[in-house]
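Presented below is the structure to which this report refers.
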Amino acid sequence: MGASSGMGREVSKLLLADGWHLGIAARRVERLRELEREFPGHIMVQQIDVTDARASQQLLELIDLVGGVDLYFHASGIGKQNMNLLEDIENQTVQTNGIGFARMIGTVYRYMAAHQGGHIAVISSIAGTKGLGAAPSYSATKAFQNTYIQALEQQANMRGLNISFTDIRPGFVDTPLLGDEKHYPMLLKPERVAEDIVKAIRRKKHVLVIDWRYRILTFFWRLIPNALWRRLRVRN
């Protein structure tokens with residue numbers, strides 16, 4: 001989900017090169033057709049907008065087209081800095097990263113619960129570690145995603161379901177998501193990030209922060225008391 005650009009597209013290409021058969025989906029279906037032409041016979045395409053109420057049914061239709069699902073990879077998301085707290089940005093982010101995320105993950109979770117399990121992998125973000133004043137709804141929805149996957153993993157174990165989860169938390173990656181002409185430190189290349197993601201999926205790693213610099217950064221972020229954090233100027 002979200003294979004039209006960025007990390008979703010790069011991960012799709014790596015899996016296809018490994019011989020996977022994929023069902024790929026996004027809002028911009030023309031970008032998906034490019035992948036379909038590059039890997040003929042290995043791809044089924046579906047146009048899906050995760051904020052649309054029909055998205056759950058469309059995802060199930062795509063799963064039927066490919067004959068089931070062993071791995072669901074969720075790379076769909078949006079995010080912007082929003083120092084002026086513009087309403088449209090906040091609402092769209094919550095709709096996509098919150099409601100849309102829960103809609104898609106819930107749909108595939110229920111499917112896997114009824115069909116012998118599977119593996120759910122998602123791209124969240126290190127932004128879920130602490131509330132970031134420069135991007136309130138983005139950091140809040142990423143924290144939601146982290147907690148939601150953690151809760152579903154616990155629930156799957158409580159129910160005895162054969163469902164694995166991988167929560168992938170990159171830092172800043174050079175993708176169209178950051179196309180706002182602002183400066184981002186420690187910028188990662190999407191091709192390298194995609195390689196790390198595929199390795200984590202193969203190993204069924206529970207949580208992966210990409211890369212080592214961001215692992216150090218988030219470790220110290222967690223140690224900062226809230227009384228101090230609320231006074232820090234964390235922005236770009």
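The values are calculated or read from the model by the stated rules, or taken from the named source; none is laboratory data. Please read these numbers as outputs of a predicted model, since none were measured by experiment. Cβ atoms come from the backbone with ideal geometry, glycine included; neighbour counts cover every protein chain shown. Quick note on the areas: whole protein, heavy atoms, side chains included, nothing else; ligands and nucleic acids left out. Shrake-Rupley method; radii C 1.70, N 1.55, O 1.52, S 1.80 Å.
Quick look at the values:
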{"item": "Breaking point among (1) within 15 Å of the chain's Cα centre (by Cα); (2) at pLDDT below 95; (3) over 18 Å from residue 8 (Cβ atoms); (4) among the polar types (S, T, N, Q), for residue 146", "result": "(2)"}
{"item": "Pairs with Cβ under 7 Å, 6+ apart, first in the stretch 46-73 and closer than 23 Å to residue 194 by Cα and at pLDDT 95 or above, second in a loop (DSSP other than H, G, I, E, B) and among the basic types (Lys, Arg)", "result": "47/27; 49/27"}
{"item": "Among residues of the stretch 104-145, those that are of a type outside the set (Ser, Thr, Tyr), part of a loop (DSSP other than H, G, I, E, B) and either in contact with a Ser or Thr (Cβ under 9 Å, 6 or more places away or on another chain) or buried (at least 18 other Cβ atoms within 10 Å of the Cβ) (or both), counted", "result": "6"}
{"item": "Failed criterion for residue 101 (all others in (1) part of a loop (DSSP other than H, G, I, E, B); (2) open to solvent by less than 30 Å² (accessible area, probe 1.4 Å) hold)", "result": "(1)"}
{"item": "Filter result for residue 79 (under 20 Å from residue 172 (Cα atoms) and either among the charged types (D, E, K, R) or assigned to a loop (DSSP other than H, G, I, E, B) (or both))", "result": "yes"}
{"item": "Number of positions in the stretch 184-221 that are of a type in the set (Ser, Thr, Tyr), in contact with a strand residue (DSSP E or B) (Cβ under 8 Å, 6 or more places away or on another chain) and modelled with pLDDT under 90", "result": "0"}
{"item": "Given (1) polar (S, T, N, Q); (2) open to solvent by 10 Å² or more (accessible area, probe 1.4 Å); (3) within 14 Å of residue 221 (Cβ to Cβ), index of the condition residue 162 fails", "result": "(3)"}
{"item": "Within the stretch 50-98, tally of residues that are open to solvent by 60 Å² or more (accessible area, probe 1.4 Å), out of contact with any strand residue (DSSP E or B) (no Cβ under 6 Å at 6 or more places or on another chain) and at negative phi", "result": "15"}
